[in-house]
1. Checking residue 27 against (1) assigned to a strand (DSSP E or B); (2) farther than 18 Å from residue 116 by Cβ; (3) in contact (Cβ under 8 Å) with a residue 12 or more places away in the chain, which single condition isn't satisfied?
2. Let me spell it out: the conditions are (1) without any contact (Cβ under 8 Å) to a residue 60 or more places away in the chain; (2) in contact with a Gly (Cβ under 7 Å, 6 or more places away or on another chain); (3) in a loop (DSSP other than H, G, I, E, B), and residue 75 meets all of them except one. Which number is the exception?
3. Which residues, counting only those in region 9-24, are of a type in the set (S, T, N, Q) and either over 18 Å from residue 91 (Cα atoms) or not in a strand (DSSP E or B) (or both)?
4. Determine, yes or no, whether residue 74 is among the hydrophobic types (A, V, I, L, M, F, W, C), at pLDDT 95 or above and open to solvent by 70 Å² or more (accessible area, probe 1.4 Å).
5. Taking residue 54 as meeting all but one of (1) closer than 20 Å to residue 99 by Cβ; (2) of a type in the set (Gly, Ala, Ser); (3) not in a loop (DSSP other than H, G, I, E, B), write down the number of the exception.
6. Does residue 6 satisfy the criteria of being of a type in the set (Asp, Glu), in contact with a Gly (Cβ under 7 Å, 6 or more places away or on another chain) and not in a helix (DSSP H, G or I)?
7. Spot the failing condition for residue 44; the list is (1) without any contact (Cβ under 8 Å) to a residue 24 or more places away in the chain; (2) under 15 Å from residue 95 (Cα atoms); (3) not in a strand (DSSP E or B); (4) not small (Gly, Ala, Ser), and only one is missed.
8. Look at region 29-52 and say how many of its residues are open to solvent by less than 60 Å² (accessible area, probe 1.4 Å) and of a type in the set (Gly, Ala, Ser).
Amino acid sequence: QVQLVESGGGTVQPGGSLRLSCVVSGIIFRLYTMKWFRQAPGKQRELVAVIDTSGSTNYHDSVKGRFTFSRDNAENTVFLQMSTLKPEDTAVYYCNAERVIARREYWGPGTQVTVSS
């Protein structure tokens, strides 16, 4: 059974920081590209950051320089370090694992991030 479990969400003031984690089980983690998506109320889900199997990363323009995505293949975990948070970062953040060649994709249930004074 594949499980992705996010944690680390919460409420923070503008300019603050949070670190999201996503622990993965049930797949060969190192073979999967990992992604963070987010969805704000009334908006479509958007891709925030990607880390591929080699550790290369890409970010949505709105979070470049503020978010850092990393992975620990020994612990089957990815991390999203979020700094200088803005109210517009408020959303439910979802962890995603994808292996295109195998046509496999899995999602976590999401964790709420609220940036508010």
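The values are calculated or read from the model by the stated rules, or taken from the named source; none is laboratory data. Fair warning: this is a prediction, and the values are worked out from it, not measured in the lab. Neighbour counts are summed over all protein chains in view; Cβ atoms, including those assigned to glycine, are modelled from backbone coordinates with ideal geometry. Accessible surface is based on the protein model in full, side chains and every heavy atom, while ligands, DNA and RNA are left aside. Shrake-Rupley method; radii C 1.70, N 1.55, O 1.52, S 1.80 Å.
1. Going through the list (1) assigned to a strand (DSSP E or B); (2) farther than 18 Å from residue 116 by Cβ; (3) in contact (Cβ under 8 Å) with a residue 12 or more places away in the chain, residue 27 breaks only (1).
2. (2)
3. Residues of region 9-24 of a type in the set (S, T, N, Q): 11, 13, 17, 21.
Those that are of a type in the set (S, T, N, Q) and either over 18 Å from residue 91 (Cα atoms) or not in a strand (DSSP E or B) (or both): 13, 17.
4. Details: among the hydrophobic types (A, V, I, L, M, F, W, C): yes; at pLDDT 95 or above: yes; open to solvent by 70 Å² or more (accessible area, probe 1.4 Å): yes.
So residue 74 passes the test.
5. Status for residue 54: all satisfied but (3).
6. Numbers: of a type in the set (Asp, Glu): yes; in contact with a Gly (Cβ under 7 Å, 6 or more places away or on another chain): yes; not in a helix (DSSP H, G or I): yes.
When the stated conditions are applied, residue 6 passes them.
7. (2)
8. Here the count works out to 2.
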